Amino acid sequence: MLEYVDVSDVSMEEGSLRVDANISVRRHGDAALGTKTEVKNMNSFSGVERALDAEFVRQCALIDAGGRVEQQTMLWDGAAAEVRPARSKEGSHDYRYFPEPDLPPLVLAGDFVDRIRRELPELPAARRARYVADYALGEYDVEVLTASPRVADYFEATVRAHGDAKASANWVMGEVLGALKASGEDIGDFRVQPGALGALLGLVRDGVVSHTAAKQIFGIMVASGGAPAEIAAREGLVKVSDDDALGTWLDEVIAAMPAEAERFRQGEKKLQGVLIGAVMKKSKGSADPKRLAQLLAARLGS
């Protein structure tokens with residue numbers, strides 16, 4: 001939500017967001033809540049999880065040993081993977097709250113609130129509903145794509161460039177997010193722009209390159225940029241449908257894998273994927289898999 005309304009980039013590692021978490025434990029069957037502690041100094045989501053796990057273990061061990069949990073502030077030490085006491089925690093009556101004279105009461109007029117509400121950008125729930133209605137995407141796809149507004153924007157731009165929402169979603173969730181995770185970069189700095197990804201998906205849709213070859217092309221685009229059609233031509237990844245070329249590769253694979261070829265001939269259909277996969281590897285992903293399946297069946301009589 002904070003990202004969607006442009007309040008914060010919610011980057012905990014860079015200090016844009018901090019978490020202070022309260023935690024208490026009680027024995028199974030007890031009605032009363034245990035004494036809480038507050039855990040601070042957590043600067044990542046994984047840090048929050050590890051810190052709370054550590055404090056949970058500490059409190060349980062203390063209670064099991066006959067001790068008593070004190071209300072206090074604990075600091076998380078990520079390097080040592082432990083929590084340490086920082087100070088005793090006062091009760092609310094000890095804070096001695098009093099009005100701040102330099103901060104008068106703020107009263108928001110109803111028309112002002114209505115105007116701000118009208119000016120809000122599309123929020124996550126509305127975007128999720130639109131993706132289901134307009135793109136016919138499943139719940140999982142929608143959740144992943146709308147988790148970040150910038151990822152959602154990238155996805156929509158890819159759909160505009162390519163036209164197929166499901167194919168665009170699969171590539172954004174798989175190849176794009178995978179590449180970003182591997183590099184650690186932000187999608188705003190990603191080398192492969194939505195238009196270029198849409199063009200690559202168009203090559204797959206039009207039968208110019210295979211899905212396997214498209215992944216190779218995408219890897220080159222991530223590393224050094226370039227137009228997908230030019231990369232396909234330069235790297236010899238344009239789909240080969242010529243029977244002579246396909247037959248040569250297929251014969252070489254059959255000769256190299258006689259046992260698998262014979263088992264396929266005897267009816268082990270699952271070996272079709274193994275044999276075709278070997279041809280795809282030999283052709284660097286450029287062979288037409290559909291035509292290969294036809295030629296394989298013709299050669300081995302299955």
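Quick notes on this one:
- Residues that are acidic (Asp, Glu) and assigned to a helix (DSSP H, G or I), drawn from the stretch 146-184: ASP153, GLU156, GLU175
- Matching option when the condition is within 15 Å of THR212 (Cβ to Cβ), in contact with a Gly (Cβ under 8 Å, 6 or more places away or on another chain) and in contact (Cβ under 8 Å) with a residue 12 or more places away in the chain, among LEU237, LEU246, LEU292: LEU237
- Considering the conditions (1) touching a residue at least 24 places away in the same chain (Cβ under 8 Å); (2) part of a helix (DSSP H, G or I), ALA298 is excluded by exactly one of them, (1).
- Hits in the stretch 36-55 - residues which are surrounded by 15 or more Cβ atoms within 10 Å (Cβ to Cβ) and either free of Cβ contacts under 8 Å to residues at least 12 places away in the same chain or farther than 13 Å from ASP77 by Cα (or both): LYS36, THR37, GLU38
- Inter-residue pairs, beta-carbon under 6 Å, first over 12 Å from LYS215 (Cα atoms) and in the stretch 163-185, second surrounded by 17 or more Cβ atoms within 10 Å (Cβ to Cβ) and of a type in the set (D, E, K, R), 6+ apart: ALA169/ASP141
- Some residue of the stretch 219-240 being among the charged types (D, E, K, R) and modelled with pLDDT under 90: yes
- Residue list for the stretch 109-128, restricted to those being surrounded by 12 or more Cβ atoms within 10 Å (Cβ to Cβ) and free of Cβ contacts under 8 Å to residues at least 12 places away in the same chain: ALA126
- Here ASP186 meets each of (1) at pLDDT below 95; (2) within 30 Å of LYS282 (Cβ to Cβ) with one exception, condition (2).
- Residue match in the stretch 71-85 (condition: assigned by TED's automatic domain parsing to the domain that holds SER44, at pLDDT 85 or above, closer than 13 Å to THR35 by Cα and more than 43 Å from the chain's Cα centre (by Cα)): no
- Residues that are touching a helix residue (DSSP H, G or I) at 6+ places or on another chain (Cβ under 7 Å), in a helix (DSSP H, G or I) and within 23 Å of VAL172 (Cα to Cα) within the stretch 222-265 comprise VAL222, PRO228, ALA229, ILE231, ALA232, listed in sequence order.
- Checking VAL39 against (1) farther than 30 Å from GLU185 by Cα; (2) modelled with pLDDT of 90 or more; (3) touching a strand residue (DSSP E or B) at 6+ places or on another chain (Cβ under 9 Å); (4) outside any helix (DSSP H, G or I), the condition it does not meet: (1)
The values are calculated or read from the model by the stated rules, or taken from the named source; none is laboratory data. Worth saying up front: this structure is predicted, and the values here are computed from it rather than measured. Using ideal geometry, Cβ is built from the backbone for each residue, glycine included, and neighbour counts are taken over all protein chains shown.
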